[in-house]
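Before any comments, here is the structure.
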Amino acid sequence: MCKKFDYKWIIWIVSAVAAITAAVTTIFVLKAKQKKDDEQLEEYLDYSIQ
């Protein structure tokens with residue numbers, strides 16, 4: 001019975017780490033996409049002014 005309790009905690013910790021990692025990765029990907037979109041918009045505006 002003690003081993004099952006230990007496995008539950010291990011699974012819980014691994015799941016929590018995976019969820020946090022996924023959230024952080026999503027934030028970085030969204031920020032990178034936003035930066036790319038901003039650069040493309042700036043480039044478009046530069047060309048349209050010329």
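May I ask for log10 I(q)/I(0) of region 3-50 at q = 0.19 Å⁻¹, from a Debye sum over the Cα atoms as equal point scatterers with solvent left out?
Per q value, in the given order, log10 I(q)/I(0) is -0.70.
Report, to the nearest 10°, how far helix 2-49 tilts away from the longest principal axis of the Cα atoms in the chain, using its own Cα long axis and a range of 0 to 90°.
Result, in degrees: 0.
Would you calculate, for the chain, the mean residue ellipticity at 222 nm contributed by helices, counting each DSSP H stretch of 4 or more residues as -39,500 (n - 2.57) and dividing by all residues, to the nearest 500?
Theoretical 222 nm ellipticity from helices: -36000 deg cm²/dmol.
Taken together, the values in this text are just the output of simple stated rules run on the coordinates, not laboratory data. Since the structure is predicted, the reported quantities are computational estimates derived from the model, not experimental observations.
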